[in-house]
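Undergrad: Just passing along the structure, written as structure tokens.
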Amino acid sequence: MGVLIQAQIAAAKSIVHKPPRASGRGAACFDAVALLSFADHPDPLESKLAMSSVVACYNAYVPGVPGKDGWNELTAYLAKYTHTTLPEMDALRPPSALETVDVFARSGEVFTHPVLVSQGSWEAGVRTEAEWDRQVYLHHAFGWAIYVLLGAIVLAAMIGRFVAIRPRGRIYTAYKRYISTPSAFGQRHPRRRLFSVPTRLQAIFITLYLTINLIWSCIGYRTFGDNLFFLGRPDRQLARYVADRTGIMSFYNLPLLFLLAGRNDILLWLTGWSYASCTLWHRWVARIATLQAIAHSIAYTWLEGDRLAQRWAENPWRTGAVATIVMALMLPFGVRPFRERAYEAFLAIHIVFSLSLLVLLFLHVRNFGTGYYAYLWSCVAVWAFDRAARIFRILSLTPTSKPNALALLPNTQGFVRLAIRTPRALAPAPGTYFFLHLMSISPLANHPFTLASWRRTAAGGTELHFLCKPRGGSTSVLRTSVQRALANAIPQELGALKLPILLDGPYGVSHNLEGFDRVLLVAGGSGITALLPYLGRHRVSVMWMVQDAAQAEDVLVNELRQSAIGTAHVDVWVTGGAMPSGCMNGWPLGAPMAPQAPPSPEFPAPTAFSDYRCSYNAYLYRPTMSSPGAKFVLDGYTVVQKGTYPGRVCVRWGRPCVAEVLQRHLSPKRLAVLACGPDGMMDDMRTAVAAAYGTVDGDQLEYFEEAFSW
């Protein structure tokens, strides 16, 4: 461990190189004299006897020009941090013959004349100052090392994104099966109550980040008994070093914290990471920065435990304590259930607390010089750039506040359809999403929606189409408003609600599926919107699980009509309200049913699918719901769209096993799997793909996810 610490210190000095202070040996004189008491004033800075003793020490142990330089630097330091102005060195020249005093033996005496501290006392001061300088090296060097680690990760991500590399072999297959694809533990990646479980690859980087923060907060400390700052108290020395280290490293984490929270993030542009990955990093950076701030506060509270009331009256203490409380409160207010169920409230609290934190920290460090302002101003710059970029995008896409959108509700249980026009000619790539500001619905409504489709307008602009599944909050208010418009509609207006919507975008990363022989798109619920733009490709198969038949009908007669999907094969599974136990954990619902007598042509089809014909399918698992408009369960039947087309659309009742669906699509040819949907479905799909690497090579199968989270 000693060798490791020395290596860390050497690395730290190579990162942050700063020459030793000229005042180092001279400041040791002041440190030694400060342990003595003088009759003319208790404060050594106000005592002429004390400062004459400091000059005597300079003359004895710091002769010549270095002593003069050290005095000038000490004068500047004290003027900056204590607002004390020292006289010229010559004005404090003591008598030539002075008593030599060992400060350790006579620290309780009161002297009426200048003294010369012993050489041993001065050397203890030199060691004290050297260790202080060493700690300052390490505080900042270990902070910069966080940025070095981030730079290495970003560089690796850029190489993987921009350099065409197609690795193969058993090692690569094992890497994808055991590291890059599966969840960190168990079979749950996004599906958690309070937090999201990262993938194993993400967990490795997060663990590395947490480990270096932990190690560098704990190593490199040296204590000794004759340290003049904490005489005879190695425990207080250690507490002070830990307090400073954790506080400074928390400051180094702040710019990264703000950078990972923005929509217009340079890391997103360079690496191609998803917004969900960056917000995952953001939350872990927030946790470690908050823990460091708490450790910083606890250590200083212990150090000043006997005079907390006096310290609380000082501005740095008050603002620092409140800043730590604000950081700690942001963690529970950012848990996943609160974010998802009360997003507007979460957003408002997060913004107010973040800006309050910056103000408090500016006040906290203003007595320590401007050195720490750089970290805070970088946070302000990142936040301001992100907000300015959002405003620019909004004004560019929606330069007017006039109604620019139509909201329709084809059926009361289906999606709310939004058609938004912008004067700009856009060509959005698949995977693009926009933040929609529903100003007339809720001033704080600001939600991400994946683009389902788009078309050019006659005026040369673009009409963007979105499908909105109400989940509470402003989206539910939107559905209610559309329903009210439908109730009051006149035929000419088609029951559409006209409203102004501000567009912020486009955002998102398009997955490159061109190099694959076959593509399997797996969607659940409203996740179909993220996969629709990928349908115009050859050899595409779609499996969509949707709970409500009305939502299925809505998309089937529009985006998934035969004329729109080309040669794609689409399987739609209507799962109903009931979820059979175990079916989302990879188990089938039972053996395929034995063929029964074919149905008569008069078999009643669901009214929601009047344009489809019903045929018998002997290879379905047992359905779980009654078909709308029918008197009995569609037991083993498939609803297939009428007509003869190169592609095929099948509507089935029940719930498929995603692992078996994947197995049916595996072949020696390259397969890309793109999934978007509820957490449980995504977990099962990810687990199935990881298991499939036991039968196919790593370069034959690639898994992509469309998962937006905040």
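Read-outs throughout are calculated quantities, based only on the coordinates presented, and are distinct from any laboratory measurement. Quantities reported herein were computed from a predicted structural model and do not represent experimental measurements. In this analysis, Cβ positions are derived from the backbone assuming ideal geometry, glycine residues included, and neighbour counts consider all displayed protein chains.
Undergrad: Give the residue from ILE420, VAL365, LEU347 lying farthest towards the positive end of the charge dipole for the range 339-420; charges sit on Cβ (+1 for Lys and Arg, -1 for Asp and Glu) and the dipole is referred to the Cα centre.
TA: ILE420
Undergrad: Any idea how far apart SER107 and LEU347 come out in nm if each label point goes 7 Å out from Cα toward Cβ?
TA: 5.8
Undergrad: What aspartates and glutamates could a cross-link reach from LYS402, if we take a straight Cα to Cα line under 20 Å and drop same-chain neighbours fewer than 8 places away?
TA: Counting by Cα, and skipping residues close in sequence, LYS402 has these aspartates and glutamates nearby: GLU463, GLU493, ASP504.
Undergrad: Work out, step by step, the length gained on full extension between HIS538 and LEU208: first 0.36 nm times the residue separation, then minus their alpha carbon distance; give nm to one decimal. Working shown, then result.
TA: Details: separation 330, 0.36 × 330 = 118.80 nm, distance 4.13 nm.
The HIS538-LEU208 span can extend by a further 114.7 nm.
Undergrad: Then there is this: Given R₀ = 45 Å, what would the calculated FRET efficiency be for ASP699 paired with ALA328, taking r from the Cβ atoms and rounding to 0.05?
TA: 0.45
Undergrad: Here is a follow-up. In what sequence do GLU706, GLU463 fall when counting other Cβ within 10 Å, fewest first?
TA: GLU463, GLU706
Undergrad: Turning to a different aspect of this structure: Separation between the VAL148 and ALA458 pseudo-spin-labels, each 7 Å from Cα along Cα→Cβ, expressed in nm?
TA: 6.5
Undergrad: Let me ask something additional. Ranking VAL557, VAL352, VAL416 by Cβ neighbours within 10 Å, fewest first, what do you get?
TA: Ordered by Cβ neighbours within 10 Å, fewest first: VAL352, VAL557, VAL416.
Undergrad: Then there is this: How do TRP302, TRP312, TRP122 line up, fewest other C-beta atoms within 10 Å first?
TA: Ascending Cβ contact count within 10 Å gives the list TRP312, TRP302, TRP122.
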